[in-house]
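Below is one structure, written out as structure tokens; comments come after it.
The values are calculated or read from the model by the stated rules, or taken from the named source; none is laboratory data. Nothing here was measured: the structure is a model prediction, and the numbers come from that model. No Cβ is skipped: glycine too gets one built from the backbone with ideal geometry, and neighbour counts run over all protein chains shown. The protein model used for the area step is the full one, side chains on, heavy atoms only, and it has no ligands, DNA or RNA in it. Shrake-Rupley method; radii C 1.70, N 1.55, O 1.52, S 1.80 Å.
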Amino acid sequence: MTTIFPKWTNRIREITALSAFGGLCFAIAVVWYYFTPKFWEVGYMPDQPVNFSHQVHAGQLGMDCRYCHTHVEQSYHSNVPQTSTCMSCHTVVDALSGYLAKATSADGQRPSAHWLSADLARLRGAYESGKPIEWARIHKVPDYAHFPHAVHVNAGVSCYSCHGRIDTMPVVFQSEPLSMGWCLECHRNPEKYMVDTTKVKVTDLRTVESLLSQPNYAMTSGVELVKQRLRNLPPQQCAACHY
């Protein structure tokens with residue numbers, strides 16, 4: 001009897017089933033990685049109305065984060081500084097005097113590079129008009145999640161653990177996913193992220209990074225800090241953050 005279809009067609013069902021299973025696994029893998037804050041949000045760097053460099057201010061000049069973000073230890077949220085905070089350093093009288101104590105160039109005749117800066121011109125214009133600079137927000141948890149900023153800072157969680165080495169960033173970007181799983185990792189293992197605020201400032205990002213990167217830090221200093229600072233381990237139930 002003559003066969004109409006070749007013999008290998010008997011395996012079409014198996015091939016189709018394996019292909020469907022492989023496609024399903026691939027789709028799950030794509031969603032597992034690409035549909036997450038780790039992929040979509042880490043590295044987020046929006047354009048800002050003024051090119052403010054944390055690398056210069058916090059890094060080179062050594063300004064403490066709390067000079068501008070003044071309420072991080074008392075407030076639920078970390079405040080964005082007002083234009084008047086910027087002007088407390090970048091003060092101006094006129095085109096040739098009073099700006100950073102010296103608005104002129106080295107020869108004393110021409111306006112300095114600071115005075116000619118377009119970004120600082122926008123800053124002065126905003127201050128004179130009384131209108132705030134509309135900064136683009138970078139770090140934000142969803143509205144249905146609650147993150148009390150002061151609680152974490154006062155417990156000894158440094159700015160570094162959530163924001164990375166902002167003092168090295170010419171332009172600030174989101175360095176952590178701020179996802180639920182990421183938060184829970186800290187709540188389950190707080191000894192990996194806490195520092196002794198009596199010995200190191202939470203805003204000293206270089207020192208904090210060095211401490212937390214030590215191989216035995218979590219099992220020695222971190223464990224002791226958890227015992228001293230926390231009555232109980234940070235909550236992990238839904239109602240702790242979603243209420």
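Write down the accessible area per residue of the chain in Å², having rolled a 1.4 Å probe over the full set of protein chains. Mind dumping the intermediate values first?
Details: 16490 Å² over 243 residues.
Normalised by residue count, the accessible surface of the chain is 68 Å².
Taking all Cα pairs closer than 8 Å and separated by 6 or more residues, the relative contact order of the chain comes to 23 percent. Sorting E14, E209 by accessible area puts them as E14, E209; the probe is 1.4 Å, largest comes first, and only protein heavy atoms count. Taking every full run of DSSP H in the chain, the ones that stretch at least 20 Å from end to end by Cα along their long axis and average 0.5 or higher on the Kyte-Doolittle scale are 12-34. When +1 charges are put on Lys and Arg Cβ atoms and -1 charges on Asp and Glu Cβ atoms, the dipole computed for the chain relative to its Cα centre reaches about 580 debye.
Amide H to amide H, with H built 1.01 Å from N, Y217 comes under 5 Å of no residue 5 or more places away or on another chain.
Pairs from the list K38/K192; K38/K201; K199/K227; K38/K199; K140/K199 with a Cα-Cα gap above 22 Å: K38/K201; K38/K199; K140/K199.
If you compute Cα Rg over 2.2 N^0.38 Å for the structure shown, which of (1) 0.97; (2) 1.49; (3) 1.09 do you land on? Working out Cα Rg over 2.2 N^0.38 Å from the coordinates points to (2). Can you compute the label reach from N216? Point 7 Å from Cα along the Cβ direction, backbone N cut-off under 17 Å, restricted to the stretch 191-206. The answer is 192. Over the stretch 149-243, what relative contact order in percent results from Cα pairs under 8 Å that are six or more residues apart? That works out to 34 percent.
Could you look at the chain and say what percent of its accessible area is carbon and sulfur, using a 1.4 Å probe and all protein chains?
Working: 10080 of 16490 Å².
Here it works out to 61 percent.
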